[in-house]
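Below is one structure; the comments refer to it alone.
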Amino acid sequence: MDLVQKEHERLSRRLKASQGLKNVQTTIDLLQSAREAIASDPSQASMTLAKLQNPVKSSFDAMNDNLKETHSGLNKYTKSLDKLFKDRPLPSTEHDALSSQQHLIDRAIAMHLLREGQFSVAATFLSEISDKKPRDTARDTDTAPADNAATLLDIEEVPSDEVRKQFAMMYHILQELKENNNLLPAIQWSRDNKDALEARGSNLEFELCRLQFVWLFRGGHNSQTSISTGRHAALEYARREFHVFMPTYLREIQQLMGAMAFCPNLETSPYRSIFNNPWAWTDVANSFTREFCSLLGLSADSPLYIAATAGAIALPTLLKLQTIMKAKRTEWTTQHELPVEIPLPPSYLFHSIFVCPVSKEQATDDNPPMMMPCGHVIAQESLRRLGKGSRFKCPYCPSESHPRDARKVVL
């Protein structure tokens, strides 16, 4: 990996130091000057073109030299990548569960493009899917056609066109927030969806309003605004907006108001972390994206991105496993679990990981962990075998309970 990094840095330095664009601009300037000279005095056209020949040739030679250096750097970088990532066959797709679910793959791709704001690409992708399906259906009449492309992006009761509009609105709000430091569209959206956000226990509206207060306190758009003017604007905003948050966020509002007394020396005050948080805008943008997607019934991160990243992490281990199995002529026969541990990041773990102390089997969606009233946890199948519909004694303590008293545990 060090070799790849070294070649990448060398290529970056070479591209930054390249005079290619400068030489191209020089050639363009020469041609434009010659055209203007000929337009002003057509009788001198032959002489002007003769004078132009050598400078243009020199510029083209310089451009070719720069291109050779760039191609040389790219070749070295490509070779270093080939050495690090050797071409190896991927694991067998003989038992690929998604091979018969093409519409799910199409949906994941289209939704990922919408999440990334690539609306024109998503529209082209859906259009090509729509054009392809009639031909595929005519070619193979035994295979049921996938869902119509027009309804591929439907989410519960939200039609496809509305989903696209929602994501377009989300990116408009995010653009205003990130590029223009304009929180007002996001605040308005949070108020329009106040009931749904409160049902989720979200504090998005207060986060946005608090950041708006801090932004005004520090001068808003005009960095030349005096301290007293910014403080006055923030105070007026607090009087106008914060009264609705008093019952829930009284302590946070008191901290914002207390910072007023430290205004001339805010850097050394107890409130420095509130007013000098470099990640505040990024955090509130992530919170907005998460809440926006949740109201659509979607995860905050793209499932396609998560699947691709998890696959990239898992592939080296699976490739090694495949090589060992081929050498030892063994087969992987376990249906619901991998034969090796895949070290995925904690944020990529979405299911309970629990091994039943009775059956010694790992819990699954069909056999989840169940907690008995005494606090001990066993798998649901073990619970059924022990209880058999009547009261039974816990295998780890003297307590007795009925299977219906157990509760499903999510770890």
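The values are calculated or read from the model by the stated rules, or taken from the named source; none is laboratory data. These numbers come from a predicted model, not from an experiment. We place every Cβ from the backbone using ideal geometry, glycine too, and count neighbours over all the protein chains shown. With ligands, DNA and RNA removed, areas are computed over all heavy atoms of the protein, side chains included. Shrake-Rupley method; radii C 1.70, N 1.55, O 1.52, S 1.80 Å.
Mean silhouette area of the stretch 355-408, derived from the convex hull of its C-alpha atoms and averaged over all directions, reads 3.2 nm². With respect to the chain, whose longest principal axis is taken over its alpha-carbon atoms, helix 303-328 is tilted by about 70°.
For the chain, take the longest principal axis of its alpha carbons; what is the angle in degrees between that and the long axis of helix 227-241, to the nearest 10 within 0 to 90? Approximately 40 degrees, to the nearest 10.
Helix 119-139 and the longest principal axis of the Cα set of the chain meet at an angle near 70°.
The residues of the stretch 355-408 expose, per residue, 62 Å² of accessible area to a 1.4 Å probe. Taking 0.36 nm per residue of sequence separation and removing the Cα-Cα distance, the Arg191/Ser294 pair yields an extension gain of 35.5 nm.
Each other residue within a Cβ distance under 15 Å of Leu30 adds +1 if Lys or Arg and -1 if Asp or Glu, for a net charge of +1. In the context of the full protein assembly, His112 retains an accessible surface of approximately 40 Å², using a probe radius of 1.4 Å and ignoring ligands and nucleic acids. Note on exposure: Lys194, Lys388 ranked by accessible area (1.4 Å probe, complete protein assembly) read Lys388, Lys194, with the most exposed listed first.
Got a sec? Which residues in the stretch 171-193 would a label at Ala285 touch, if it sits 7 Å along Cα→Cβ and we count backbone N under 16 Å? Residues passing the 16 Å test: 171-187. For the stretch 269-316 versus the stretch 186-216, the spacing of their alpha-carbon centroids is 17 Å. Taking all protein chains together and rolling a 1.4 Å probe, Val244 ends up with roughly 80 Å² accessible. Recomputing semi-axes √(5λ) of the Cα gyration tensor in Å from the coordinates shown identifies the correct label among (i) 47, 25, 21; (ii) 38, 23, 20; (iii) 53, 41, 25 as (iii). Computed on protein heavy atoms with a 1.4 Å probe, the accessible areas place Asp106, Asp405, Asp366 in the order Asp366, Asp405, Asp106, largest first. For the chain, adding -39500 (n - 2.57) for each run of n ≥ 4 DSSP H residues and dividing by the number of residues yields -19500 deg cm²/dmol at 222 nm. Given a 10 angstrom Cα cut-off, can you work out which residue in Pro316, Pro247, Pro159 is the most mobile in a GNM of the chain? Its mean-square fluctuation being the largest, the pick is Pro247. With all pairs of separate Cα atoms included, the stretch 1-79 yields a Kirkwood hydrodynamic radius of 14.7 Å. Computed over the alpha-carbon pairs of the stretch 244-376, the distance histogram in 10 Å steps reads 9, 19, 23, 19, 17, 9, 4, 0 percent, short to long. One chain, two ends: Arg391 and Glu198. Fully extended at 0.36 nm per residue, the span grows by 65.3 nm beyond their Cα-Cα distance.
Computed from the C-beta positions of Lys326 and Leu30 and an R0 of 51 Å, the FRET efficiency is 0.20 to the nearest 0.05.
Computed in the context of the full set of protein chains, the accessible area of the chain at 1.4 Å probe radius has 54% of its extent on carbon or sulfur.
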